[in-house]
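Following: one structure in structure tokens, then a few remarks.
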Amino acid sequence: MRASLRQLSKQIVDSQNSWFLLQYTALGWSNRGFPARAVRTMKYLKARNACCAVVFHDAEAYAGNRWIDHVRRTVQLSVMRRLLKISDVAVFTVPRQKISWIPASASNVVFIPVGANLPAPEKAWNEKRQLRDSMPVVAIFSITGGQRTSQEVGEISAAVKFAAKQAGPLRVVVFGRNSEVGGNTLKATLAGSPVEVTVMGLIPAEEIVQVLGSSDVLLFVRGPISSRRGSAIAGIACGLPVIAQEGSETAPPITDAGVVLVPADDPAALGPALLRVLTDHDYRASLAERSRNAQERYFSWSVIAAQYARALRERGTRPESGPG
């Protein structure tokens, strides 16, 4: 920590009139989710008259009912409130009205969604998807892993089985984080069904664009969808319909995209939603168009960069003297 702060101090001296953006996730600052070092770092920057923004990728404290969860949640809320108070700009990746702990008096809050961490995802728009001439392709981008693996595999399996029973054979392509373990479990679960499973593992970003470009729909089961879920936004960026569960953070602009929402407490609804997308050409095309429009309006990196530049220019308070 001390060595990092010394390096940071040198960067402050060498980077006058620059902004420093601190990325906040609880686990990014602490393996156990006690992120007090984030406040120490921000205070270190502010003490040296630096202009600072904090980007909250975690918008809320972690849940849980154990005593350690209560302690962790208390610490996280304290850290987030402190970061909000001392930063010049606080960027949240979900809308302000969806966050429980921000005081009404906070005037430095800006909402900017995340984008897809993909190069030129719009290239996928030129891919032609004709379900009449080929087997439908359902994309699964990443599986959470750990204790959630079995739950997510079960939800995917039930959904694609339901759709295949009504619409005929289909193909599921699983790639990204934890896709090898989860994908192989899915393949074993679907053995003997009219569903072909292809497990690709971790692949380069350019290949992700190609895979999504040749898919017909993205099925997202890694928890409720929101404007901070990059793997879901990847489907939107590539012009796909996205089927996902609705949750407390689900709000525009994510709902402006071609997203089919099902209740979080009713995963069985994923199957009928998938069936309709795969069998109703006009519906699928309208969803794809909505995703392309949302990418252009909200989720492209050029739009996101412009929002950051505007936030730092308009809401930031630049010191009158000293290094920035």
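The values are calculated or read from the model by the stated rules, or taken from the named source; none is laboratory data. All values reported here derive from a predicted model rather than from experimental measurement. FYI the Cβ positions are ideal-geometry reconstructions off the backbone, even for glycines, and counts take in every protein chain you see.
Would you say Gly176 is modelled with pLDDT under 95 and touching a helix residue (DSSP H, G or I) at 6+ places or on another chain (Cβ under 9 Å)?
Taking the combined requirement at face value, the residue does not satisfy it.
In region 16-45, how many are within 24 Å of the chain's Cα centre (by Cα), more than 21 Å from Ala311 (Cα to Cα) and of a type in the set (Phe, Trp, Tyr)?
The total comes to 2.
Pairs needed: first member in region 109-120, at positive phi and surrounded by fewer than 18 Cβ atoms within 10 Å (Cβ to Cβ); second member anywhere, at pLDDT 95 or above and among the hydrophobic types (A, V, I, L, M, F, W, C); C-beta distance under 8 Å; at least 6 residues apart or different chains.
Taking only residues 6 or more apart or on different chains, the pairs are Ala120/Val209.
Residues are listed down the side, and each one gets a yes or a no for (1) closer than 30 Å to Gly213 by Cα; (2) modelled with pLDDT under 95; (3) not β-branched (Val, Ile, Thr):
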site: Arg72; (1), (2), (3): no, no, yes
site: Gln76; (1), (2), (3): no, no, yes
site: Arg82; (1), (2), (3): no, no, yes
site: Arg96; (1), (2), (3): no, no, yes
site: Phe111; (1), (2), (3): yes, no, yes
site: Leu131; (1), (2), (3): yes, yes, yes
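Give me the pairs, please: first residue somewhere in region 49-71 and on the phi > 0 side of the Ramachandran plot, second residue anywhere and part of a helix (DSSP H, G or I), beta-carbon distance under 9 Å, and either six or more positions apart or on two chains.
Between residues of region 49-71 that are on the phi > 0 side of the Ramachandran plot and residues that are part of a helix (DSSP H, G or I), the close pairs are Asn49/Ile12; Gly64/His70; Gly64/Arg72; Gly64/Arg73.
Looking at (1) within 21 Å of Ala285 (Cα to Cα); (2) touching a residue at least 40 places away in the same chain (Cβ under 8 Å); (3) out of contact with any Pro (no Cβ under 6 Å at 6 or more places or on another chain); (4) not polar (S, T, N, Q), which is the only condition Val221 fails?
Among (1) within 21 Å of Ala285 (Cα to Cα); (2) touching a residue at least 40 places away in the same chain (Cβ under 8 Å); (3) out of contact with any Pro (no Cβ under 6 Å at 6 or more places or on another chain); (4) not polar (S, T, N, Q), Val221 violates only (1).
So which of Arg48, Arg82, Arg73 ends up being over 21 Å from the mean Cα position of the chain (by Cα) and within 17 Å of Asn108 (Cα to Cα)? Spell out the reasoning first.
Working: Arg48 fails: within 17 Å of Asn108 (Cα to Cα); Arg73 fails: within 17 Å of Asn108 (Cα to Cα).
Just a single option satisfies the conditions, and that option is Arg82.
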